[in-house]
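I have placed the structure first, in the form of structure tokens, so that the comments after it can refer back to it.
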Amino acid sequence: MRYFRIDYRQGNRRESVVLEAQSKMDAVTEFRQRTLGVMLSVKEVSKPFSLKLRKWLEANRSPVRRKRVSQEPYIATLRQISVMLDAGLPINQCLEEAIRSTDDEMLKEILRSLLSDIESGMSLSEALEPFRVQLGSISLSMFNLGEQTGTLSDSIKKLAEILEQIQHNRRELVRATRYPLFTIIAMMLAFVVVILMVVPQFQEIFAESGADLPFPTQLLIWVEHAMTEYGPFIVAGAVVLSLLFSYIYGKNEKVRLEADRLLLKVYIVGKVTHYAMVGRFVYIFNVLLNAGIPITDALDAAIGVVENSYMKRRLEAIKRAIEEGRPLHSGFEESGLFANMIVQMVKAGEQGGALGTMLQKVTDYYQERYQHIVDNVASMIEPILIAAIAGFVLVLALGIFLPMWSMAEVMGM
């Protein structure tokens with residue numbers, strides 16, 4: 001949209017108003033419809049700050065945010081709508097009941113908007129389009145498929161199953177990382193307590209002795225001094241840096257791509273991310289393809305659920321291969337994210353007319369690899385935790401006992 005400032009005369013006063021319109025002629029037409037006064041001049045201007053502020057306040061007051069809806073209430077709502085549609089109820093009545101049933105304000109507002117648009121004559125696909133960010137492209141694809149084929153109930157049920165599978169994998173990862181995370185937090189708390197409460201007591205004893213302190217002791221004293229004197233600034237700096245990185249990550253595509261690429265090289269995290277994202281892509285692509293969605297639309301929806309931007313960029317090679325008339329397996333190979341075995345399986349499926357079966361086998365393979373890492377993540381992290389604990393205890397022991405031995409030798413002499 002463009003913005004036009006119109007100067008006009010109303011009686012003996014000269015006034016101005018800024019109108020939002022597609023063109024200068026549309027702005028003039030709207031001004032005349034308002035009958036504000038005699039038009040003097042029309043000038044295109046940038047978006048007024050007052051209008052930006054008003055829209056920002058409206059957006060923050062609205063329960064609909066530019067983020068994904070909570071998955072659990074969304075899946076429950078999908079299940080409810082599917083059951084009611086299967087029972088023969090019209091879509092508007094299903095939406096009314098879903099609005100009464102859900103407690104999620106964002107989802108409730110989206111459903112209200114859908115109901116209003118459908119009752120005004122808009123199709124379900126058109127009504128869903130403004131909520132692509134909140135619901136995801138896969139939701140729009142499945143709703144569109146159900147609307148076009150007359151199997152809306154089955155499509156919504158399948159969508160709920162897809163989202164449940166994604167949610168299940170996330171829960172499994174959270175469950176697997178809970179123990180290592182608690183261990184790391186406990187280590188950090190123990191370190192802070194020892195540094196702030198134990199080291200100062202020994203520091204006074206060492207200062208009175210006047211002996212030369214070994215490096216481990218000096219290191220502990222330096223850390224204690226830094227945490228005591230500059231602790232709040234260190235925490236504030238870490239928070240600021242974290243927020244700054246998050247902002248740059250969200251705004252700068254190059255930074256986001258490089259950060260996501262480096263994430264794939266991190267021990268354990270990289271493998272978990274790789275298997276989770278690739279497995280999710282293949283699973284959703286196969287489900288949508290079997291549901292009858294065109295291959296390019298299925299690829300768009302499947303790529304859309306991949307959260308790693310670097311992997312998403314690489315997976316777009318598959319879609320380019322299809323658009324250029326090349327076979328699917330060449331796109332898989334070009335992406336560089338799939339082992340040669342997987343590429344050969346996709347190739348065999350294409351040539352033998354059993355692509356769906358092969359994609360299901362690929363999905364099972366990545367699901368097994370992902371589950372194996374999730375089940376063993378604690379044992380994989382354990383050596384690192386043991387090494388960290390051993391290092392902490394060693395530095396603490398050397399820092400405290402070496403000066404005490406030196407003092408004992410001096411006293412013995």
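Throughout, read-outs are computed from the coordinates displayed, never taken from laboratory work. All values derive from a computational prediction rather than experimental measurement. For neighbour counting, all protein chains shown are included, and Cβ atoms are generated from backbone atoms with ideal geometry for every residue, glycine included.
Brief remarks on what is shown
- Placing unit charges on each Cβ (+1 for Lys and Arg, -1 for Asp and Glu) gives segment 71-164 a dipole about its Cα centre, and among Gln148, Thr77, Ile118 the Cα reaching farthest toward its positive end belongs to Gln148.
- Simple Cβ-charge dipole of segment 71-164, Lys/Arg +1 and Asp/Glu -1, about Cα centre, in debye nearest 20: 120
- Net charge in the neighbourhood of Leu128 (other residues with Cβ under 11 Å of its Cβ; Lys, Arg +1, Asp, Glu -1) is -3.
- For the chain, the residue among Met380, Val240, Gly37 whose Cα projects farthest onto the positive side of the dipole built from Cβ charges is Gly37.
- q = 0.18, 0.20, 0.26 Å⁻¹, segment 71-164: log10 I(q)/I(0) [Debye, one scatterer per Cα]: -0.74, -0.96, -1.95
- Of the chymotrypsin sites (Phe, Trp or Tyr not before Pro) found in segment 257-330, those that fall in a DSSP loop while having at most 13 other beta-carbon atoms within 10 Å are Tyr267.
- Residues in segment 336-351 carry Karplus couplings, in order, of x, 9, 10, 5, 4, 4, 5, 4, 5, 5, 5, 4, 5, x, 5, 5 Hz; the curve used is 6.51 cos²θ - 1.76 cosθ + 1.60 with θ = phi - 60°, and Gly or Pro positions show x.
- For the peptides 84-93, 315-324, 99-108, residues were scored by their other Cβ atoms within 10 Å and the scores averaged per peptide; the highest-first order is 315-324, 99-108, 84-93.
- Computed per residue of the chain from DSSP H runs no shorter than four, each worth -39500 (n - 2.57), the mean residue ellipticity at 222 nm is -25500 deg cm²/dmol.
- Rounded to the nearest 20, the Cβ-based charge dipole of segment 101-226 about its Cα centre (Lys and Arg +1, Asp and Glu -1) stands at 380 debye.
- The Cα center of segment 87-114 and the Cα center of segment 120-185 differ in position by 16 Å.
- Charge sum, other residues only, whose C-beta stays under 9 Å from Gln71's C-beta, Lys/Arg counted +1 and Asp/Glu -1: 0
- In loop segments of segment 128-197 as defined by DSSP, there are no GluC sites (Glu not before Pro) with at most 10 further C-beta atoms inside 10 Å of their C-beta.
- Whole-Hz couplings from phi, Karplus 6.51/-1.76/1.60, listed for segment 394-405; x for Gly and Pro: 5, 4, 5, 5, 5, x, 9, 7, 4, x, 5, 5
- Counted charge near Glu258, where neighbours are those whose Cβ lies closer than 12 Å (Asp, Glu -1; Lys, Arg +1): +3
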